[in-house]
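Here's the structure, in structure tokens; my notes come after.
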Amino acid sequence: MKKLLLIIAGLIFLTSPALFLYVLNNGNPIMNKWITHEVKKYLDGTGYEERDFQEHSYNIAKMDINHDFYHTHYYVIFKDEPNIIYYYGKKKWFGDVVQFCEKEDAATYEFVTENMEHDEEACVSMLDNR
């Protein structure tokens, strides 16, 4: 029994760096799934359907974003605006899903702040509170 515990402890010790590097590079898989579920539910509630999206998925930000939101956020590219990437985030501690005011041009990856077709009135800046 003692030998089995030592083997299990050794395996955990050997695999922990690989798990740490995976989460560091890809984000927490549980958080990614949860954010995806919450944002899809939010988008369904606002009247969007799957056919309205060209592409959508969770995204791990490569920069520091608003600390009031989880670091994992969600991007959506609509079929009728294929050159604009919209971002959605979920407030920490069971807060609401909101659209970030900053959008990206899909060709240049520069932030666009002017009004677009799918903008929401109650957007929040992802660059505040960093």
Within region 77-117, count every residue that is within 19 Å of ILE35 (Cβ to Cβ) and not hydrophobic (A, V, I, L, M, F, W, C). 13
Residues that are among the basic types (Lys, Arg) and within 23 Å of GLU49 (Cα to Cα), drawn from region 92-124: LYS103
Might you check whether a residue that is part of a helix (DSSP H, G or I) and loosely packed, with under 12 Cβ neighbours inside 10 Å occurs anywhere in region 84-103? no
Would you check if TYR109 is hydroxyl-bearing (Ser, Thr, Tyr), assigned to a loop (DSSP other than H, G, I, E, B), modelled with pLDDT under 85 and under 17 Å from the mean Cα position of the chain (by Cα)? yes
Out of (1) closer than 18 Å to MET126 by Cβ; (2) in a strand (DSSP E or B), the odd one out for ILE65 is which? (2)
Considering only residues that are within 10 Å of the chain's Cα centre (by Cα), loosely packed, with under 15 Cβ neighbours inside 10 Å and either among the small types (Gly, Ala, Ser) or within 19 Å of CYS123 (Cβ to Cβ) (or both), which ones fall in region 30-62? SER57
If TYR74 meets every condition in (1) of a type outside the set (D, E, K, R); (2) farther than 16 Å from LYS33 by Cα; (3) surrounded by 12 or more Cβ atoms within 10 Å (Cβ to Cβ) apart from one, which number is that one? (2)
Could you give every pair whose Cβ atoms fall below 8 Å, whose first residue belongs to region 108-130 and is over 17 Å from TYR88 (Cβ atoms), and whose second residue is modelled with pLDDT under 85 and of a type in the set (Ser, Thr, Tyr), counting only separations of at least 6 or pairs across chains? none
Does region 32-55 contain any residue that is on the phi < 0 side of the Ramachandran plot, part of a helix (DSSP H, G or I), among the polar types (S, T, N, Q) and at pLDDT below 90? yes
Find the residue count for region 80-106, including only residues that are acidic (Asp, Glu) and under 17 Å from LYS41 (Cα atoms). 1
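The values are calculated or read from the model by the stated rules, or taken from the named source; none is laboratory data. Note that the structure is predicted; figures quoted are calculated from it, not measured. For neighbour counting, all protein chains shown are included, and Cβ atoms are generated from backbone atoms with ideal geometry for every residue, glycine included.
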